[in-house]
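S.K.: Got a structure for you, written out below as structure tokens; questions coming shortly.
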Number of protein chains: 2
Amino acid sequence: MQTFRGIHNMNKHKIFLFALGLGMCKASSPGPLIHATKGAVWPKPQQLNTSDSYFILRPRAFEFNILKNLSSCSFLRNSLARYWKLLQFDVTLKKHQQKNKQGVQVDGSMGYLEYLDVNLTGQCDDQALPGIKMDESYRLWVLPDRKELQAASIWGILRGLESFSQLVYMTHDGQSLRVNATMIKDFPRYKHRGLLIDTSRHFIPLDKIFLTLDAMSYNKMNVLHWHIVDDQSFPYVSTKFPELSDKGAYNHYTKVYFPEDIRDVIEYARLRGIRVLPEFDSPGHTSSWGLSHPEILTPCKIPNMYGPMDPSKEGTFSFLYNLFSDVRDNFKDDFIHLGGDEVNFLCWITNPNITEFMMMQHIKSYEDLESYYVQRVVDMVAQLNFKSIVWEEVFENGVKLSNDTLVHVWKTNWIDTIKRVTASGKHALLSSCWYLDKLKSGGDWQDFYLCEPTDFDGSSAQQELVLGGEACMWGETVNEYNIISRVWPRASTTAEKLWSADLGKYDLIEPAQRLEEHTCRMNRRGIGAQPPNGPGYCD
Amino acid sequence: MQTFRGIHNMNKHKIFLFALGLGMCKASSPGPLIHATKGAVWPKPQQLNTSDSYFILRPRAFEFNILKNLSSCSFLRNSLARYWKLLQFDVTLKKHQQKNKQGVQVDGSMGYLEYLDVNLTGQCDDQALPGIKMDESYRLWVLPDRKELQAASIWGILRGLESFSQLVYMTHDGQSLRVNATMIKDFPRYKHRGLLIDTSRHFIPLDKIFLTLDAMSYNKMNVLHWHIVDDQSFPYVSTKFPELSDKGAYNHYTKVYFPEDIRDVIEYARLRGIRVLPEFDSPGHTSSWGLSHPEILTPCKIPNMYGPMDPSKEGTFSFLYNLFSDVRDNFKDDFIHLGGDEVNFLCWITNPNITEFMMMQHIKSYEDLESYYVQRVVDMVAQLNFKSIVWEEVFENGVKLSNDTLVHVWKTNWIDTIKRVTASGKHALLSSCWYLDKLKSGGDWQDFYLCEPTDFDGSSAQQELVLGGEACMWGETVNEYNIISRVWPRASTTAEKLWSADLGKYDLIEPAQRLEEHTCRMNRRGIGAQPPNGPGYCD
């Protein structure tokens, strides 16, 4: 049944994948379609030298050695403890290992890996916050004469620990854990490597957000873009305006995020080197705000229907100032995402107050009215010490943006848009290719993987204005039960595109094999990722 | 972001859904896209009369009364216990209710529903096995003067209990459980209402199979089609040939089904009125068999490559007889699925023994050779007291099939195929429209729902030869982590199409509202179903 159908559904990339080395007969051979690597790192490091010689790792006997009098650095110790736990493979294995404790000596073995020196060359700051400028570079040596992870910052240490933990693999016979002799020099290609989650269309409980942060750290992603409110519901509990969630949340007891919850998310993310970027999208996408504050929305011609925010009233802006002050109190990142997408002009067009206001202010088009609104909001949050990120429409409408505002490109014709954004000297983020709610039979990570952010005709200065991108998991079709399996390992593709050097477009087998291992690695660590490549299994 | 893209992705059915009553503005209104019903039954009963008057149900105080001296009927008591548990909504509610125990008297209330008489008019057989001929009809009265579930068989009682449990709903304020005054007369439209799971492409652990059976019972599905082995792996532990799974399973300790496991699955299914139909697909789809028994497969021209079963050797058939005897010992259903699909003739064509055998036997084509093979296997399993189900290719190749063999139609051009199958007097099962591995952005249950099995030009005698159908969840893209959310509530659509009267093609709002409630009902009962309809939440 399936083989036949499967081949029919294949896109050209997959056909290429098959043709290249696996052969059409592979689909009906026993075993997995794609054989997993052993101890390969995802996302691929910038430089990695490895050999067939290996160390044996006995997880219980292994130690991280903290160098340079940093033993009181709590952030570092916390990180090491987390990764030490991840090295503890299952009990069966440990029994086997105890049996083999003495006398392991086989070809290629360089003995036991008993420790890794952890060398944080910079300062320890237990309260350090991740930011757009953080240094995530690291070096790693797992060699007979040098076993060391070195980084200038805790962020590099975190990324290096992740890579180190991924080098560890179980032998096929399940008898031992190995680490091949390896040298890595690594740093991210892009500074902003994000995942958008949407907690308005469906509420996502905290445990699934924590799990998402775990998975992000396993993929070296560093920004959780929290699209926290939208038309459908307002789960954010504002201290200043509690009525927003009292009336706007799906349930004001069970489907809300209290300041305490947000603090926990931010701290959990911080310890994993992940920024938490809140989005309060306006002037559109705000229907749920109107359940408690109809006065800030524009009344439509139809009674009891409301459109976008009402920019003709000063009260709208004072409300927003108070709300964003509240947001400033709760979120720690330098940036806030202000949205600005998909504004429906219909209610503005039919509302006489808006018409009068535009005449008074000499505003000639609804695009200009939107610009007026967004301009004021961008300036307002700047007073609150937030830099802004906006969806591409804001740029298209000609809002004057300072050069530290990021333009988030999401529509399909991104190549043209990102070219114009960067030509104007603005920084850009890309999401167009990485919409995780686009589904396709038979899997689709290859499509995500073949998207290359530099594929636009722009100068090197323009290319440098691209700060990264985000995979977007909009909430219409995901709830707490399928968000994890729908996002992972598909978002891993985005993670690799944004971390690793451009690896060339047409080699899809090498990443397929690593992604097979990486998915099993995530499964083993409690992330219920779906299969990336067709038939297969995890050891 | 999402609204815009979502509308672009909508298919015509969805556009219809929007246009019909919800309006384009709905997508940006606060709250869920589709409002859930309260106490509506899925699949829709054949006849249901209801009123706005309601009873209050206090779950702890509610009793099932077994009539007619059947209190020693263990099967019945077991079923009642399971449904009594399902009536126990969450603790918060119970507290509210205790507070309200006295003095509930509001408009429309007809007082407390304190019991339901359970009237099994036929025999109690604690060992009864569900079968193709089982009687699943029931009648239900929840009226002031009659509170009774009546059925001639335990199967009807099970279906009626499911409907009764679905009538119970929580009020919007969460203060009480209600059951509207209702009369139901119900029976299934089709006798075979199945779900195919594939445990060869990915191993599915037992707990997820049990959960699948729970969900099937909540949808009144009655056949688990267990596609247990295939090319990729052989998780079935055969007592006669343990080497099949020792060598053919992904892992012969952790990724196998022992006879004891199969017995548990069958018993769990039996108690829910669900048949377990094993599929051992041959002569193609058997690569994993060859890992331990290469002698039964046809050697291809390329060394160490094997094609379909080798029908030129008698040893192949004696092996199969022993294997199917073993299968007979483990599976209790009257039917076995023999597969017979997608046979690749290449190895047969290039193998000289096959050529010689065909000459000797005057077999003129490879289709005829396949027919020769399948014919012998169908006859063989008949000796073992199995009736056969085969994929449509077997019919297309002209194999002489007895009229109790079912032809399983799966290819896209099903209208033509099912017409020819039934014109030849054969019974048919339909799956073409219900391939759950076909994915589409934005959801797709409407496509499944619009498939109507009678949509072919055939006599009423031909229509009666359609025994039902199955939703198919092939295993290439699902593992234990996403199988539940990928199948549910999408397979619920198939369940309703096969149970309920043909409701007309174009009303998609009424089922959308019930499916919204039904999905939340499944979620509440522990089935991690994904959202059916876009933004929303469960109480």
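S.K.: Using only Cα atoms and rounding to the nearest 10 degrees, what angle (0 to 90) does helix A:314-330 make with the longest principal axis of chain A?
M.R.: Taking the Cα atoms of chain A, the angle to A:314-330 is about 20 degrees.
S.K.: In degrees between 0 and 90, to the nearest 10, how far off the longest principal axis of chain A does helix A:154-167 point, with axes built from Cα atoms?
M.R.: With both axes taken from Cα atoms, the answer is about 50 degrees.
S.K.: OK, next. Mind checking the angle between helix A:206-218 and chain A's longest principal axis? C-alpha axes, 0 to 90 degrees, to the nearest 10.
M.R.: Approximately 50 degrees, to the nearest 10.
S.K.: Take every Cα-Cα pair in segment A:333-469 and report what % of them are more than 21 Å apart. Let's see the in-between values first.
M.R.: On the way: 4687 of 9316 pairs.
Percentage above 21 Å: 50.
S.K.: Can you give the mean number of other chain Cβ atoms that lie within 10 Å of the Cβ atoms in peptide B:28-36?
M.R.: Details: counts 14, 7, 16, 8, 5, 3, 0, 0, 0.
So the per-residue partner count for this stretch is 6.
S.K.: Calculate the dipole size of the protein assembly as shown relative to its Cα centre from +1 charges on Lys and Arg beta carbons and -1 charges on Asp and Glu beta carbons; express the result in debye to the nearest 20.
M.R.: Values: 116 positive and 128 negative charges, 320 e Å.
Value, rounded to 20: 1540 debye.
S.K.: Let me ask something additional. Restricting the count to DSSP beta bridges whose residues both fall in the protein assembly as shown, what percent are antiparallel, rounded to a multiple of 5? If you can, show how the numbers build up before the last one.
M.R.: Details: 45 of 131 bridges.
In the protein assembly as shown, approximately 35 percent of DSSP beta bridges are antiparallel ones.
S.K.: Further, regarding this structure: For label points placed 7 Å from Cα toward Cβ, what is the shortest-first list of nm distances from A:SER365 to its copies?
M.R.: Distances to the matching label points in the other copies: 6.6 nm.
S.K.: Quick one: Debye curve from the alpha-carbon atoms of segment A:290-351 only, equal weights, vacuum; give me log10 I(q)/I(0) at q = 0.17 Å⁻¹ to two decimals.
M.R.: -0.68
S.K.: Across 10 Å bins from 0, what is the distribution of all Cα-Cα pair distances for segment B:240-329, in whole percents?
M.R.: In whole percents, the pair-distance histogram is 15, 42, 30, 11, 2.
S.K.: Sort B:SER431, A:SER485, B:SER176, A:SER53 by Cβ crowding within 10 Å, fewest neighbours at the top. Display every interim value, and only then the final one.
M.R.: Values: B:SER431 23, A:SER485 26, B:SER176 20, A:SER53 15.
Least crowded to most crowded, the residues run A:SER53, B:SER176, B:SER431, A:SER485.
S.K.: For a quick check: sort B:LYS133, B:LYS240 by the number of other beta carbons within 10 angstrom, fewest at the front.
M.R.: Numbers: B:LYS133 7, B:LYS240 14.
In order of increasing Cβ crowding within 10 Å: B:LYS133, B:LYS240.
S.K.: For peptide A:285-291, compute the average count of partner chain beta-carbon atoms within 10 Å of each residue's beta-carbon.
M.R.: Working: counts 4, 2, 6, 4, 1, 2, 2.
Average neighbour count from other chains, rounded to a whole number: 3.
S.K.: Could you work out the relative contact order of chain A? I mean the mean sequence separation of Cα pairs under 8 Å and 6+ apart, divided by the number of residues, in percent. Can you show the working numbers first?
M.R.: Details: 1024 pairs, mean separation 89.7, N = 539.
It comes to 17 percent, rounded to a whole number.
S.K.: Calculate the mean, over all residues of peptide A:311-322, of how many other protein chain Cβ atoms lie within 10 angstrom of the residue's Cβ.
M.R.: On the way: counts 0, 0, 0, 0, 0, 0, 0, 0, 0, 0, 0, 0.
Neighbouring Cβ atoms belonging to other protein chains average 0 per residue here.
S.K.: Here's another thing I want to ask about it. Per the Kirkwood formula on distinct C-alpha pairs, the Rh of segment A:269-414 is how many angstrom? If you can, show how the numbers build up before the last one.
M.R.: Numbers: mean 1/r = 0.0630 Å⁻¹.
Kirkwood radius, segment A:269-414: 15.9 Å.
S.K.: Just to confirm my numbers, what's the Cα centroid distance between segment B:456-505 and segment B:296-349 in Å?
M.R.: Their Cα centres are 28 Å away from one another.
S.K.: What is the distance, in nm, between label points placed 7 Å from the Cα along the Cα-to-Cβ direction at A:LYS440 and at B:THR171?
M.R.: In this crude label model, A:LYS440 to B:THR171 measures out at 5.2 nm.
S.K.: Which whole-number percentage describes the relative contact order of segment B:249-341, with Cα contacts under 8 Å and a sequence gap of 6 or more? Please report the intermediate quantities before stating the final value.
M.R.: Numbers: 89 pairs, mean separation 34.1, N = 93.
Relative contact order comes out at 37 percent.
S.K.: If you take the charge dipole of segment A:426-539 about its Cα centre, with +1 on Lys and Arg Cβ and -1 on Asp and Glu Cβ, which of A:TRP499, A:GLY475, A:GLY526 is farthest toward its positive end?
M.R.: Toward the positive end, the furthest listed residue is A:GLY526.
S.K.: Continuing with this model, one more query. What are the residues whose amide H is under 5 Å from the amide H of B:SER176, where those residues sit 5 or more places off or on another chain and H is modelled from the backbone?
M.R.: B:THR171
S.K.: Largest first, please: the extent of the C-alpha atoms of segment A:179-242 along each principal axis, to the nearest Å.
M.R.: Principal-axis extents of the Cα atoms in segment A:179-242, largest first: 55, 23, 21 Å.
S.K.: Counting only the backbone N, which residues of segment B:39-79 are under 18 Å from the spot 7 Å out from the Cα of B:ALA501 toward its beta-carbon?
M.R.: Label zone hits: B:41-51.
S.K.: Hey, what's the Kirkwood Rh for the protein assembly as shown if you take every pair of different alpha carbons, in angstrom? The partial results should precede the final answer.
M.R.: On the way: mean 1/r = 0.0315 Å⁻¹.
Kirkwood hydrodynamic radius for the protein assembly as shown: 31.7 Å.
S.K.: Rounded to the nearest 20 debye, what is the charge dipole size of segment B:189-282 about its Cα centre when +1 sits on each Lys and Arg Cβ and -1 on each Asp and Glu Cβ?
M.R.: Working: 13 positive and 13 negative charges, 116 e Å.
Charge dipole of segment B:189-282: 560 debye, to the nearest 20.
S.K.: Can you give the Rg and Dmax of chain A based on its C-alpha atoms, in angstrom?
M.R.: 25.1, 88
S.K.: Given H placed on each backbone N at 1.01 Å, which residues far from A:PHE335 in sequence or on other chains put an amide H within less than 5 Å of it?
M.R.: Placed amide hydrogens put A:LYS387 under 5 Å from A:PHE335.
S.K.: Let me ask something else about it. Using only C-alpha positions, report the orientation-averaged shadow area of the convex hull of segment A:168-303, nm², one decimal. Intermediate results must be reported in sequence, preceding the final value.
M.R.: Details: hull surface 50.2 nm².
Spelled out: convex hull of the Cα atoms, projected over all directions, averaged, 12.6 nm².
S.K.: Next question, about the same structure. How do the peptides B:227-234, B:511-518, B:67-74 rank, highest first, by the average count of neighbouring beta carbon atoms within 10 Å per residue?
M.R.: Details: B:227-234: 28.0, B:511-518: 23.5, B:67-74: 13.1.
Top of the packing list down: B:227-234, B:511-518, B:67-74.
S.K.: Bin width 10 Å, origin at 0, all Cα-Cα pairs of segment B:398-491: what percent of pairs per bin?
M.R.: That works out to 15, 43, 27, 14, 1, in percent per bin.
S.K.: Normalised by the number of residues in segment B:410-504, what is the relative contact order in percent for Cα pairs under 8 Å and 6+ residues apart? All intermediate terms of the calculation are to be shown ahead of the outcome.
M.R.: Values: 97 pairs, mean separation 34.4, N = 95.
36 percent.
S.K.: Given R₀ = 45 Å, FRET efficiency for A:MET110-A:PHE210 by Cβ-Cβ distance, to 0.05? Write out the running numbers ahead of the final one.
M.R.: Numbers: r = 38 Å, r/R0 = 0.84.
The value I calculate is 0.75.
Taken together, the values in this text are just the output of simple stated rules run on the coordinates, not laboratory data. Values in this document were obtained by computation on a predicted structure and should not be read as measured data. Heads up, the Cβs are rebuilt from the backbone with ideal geometry, glycines too, and the neighbour counts pull from every protein chain shown.
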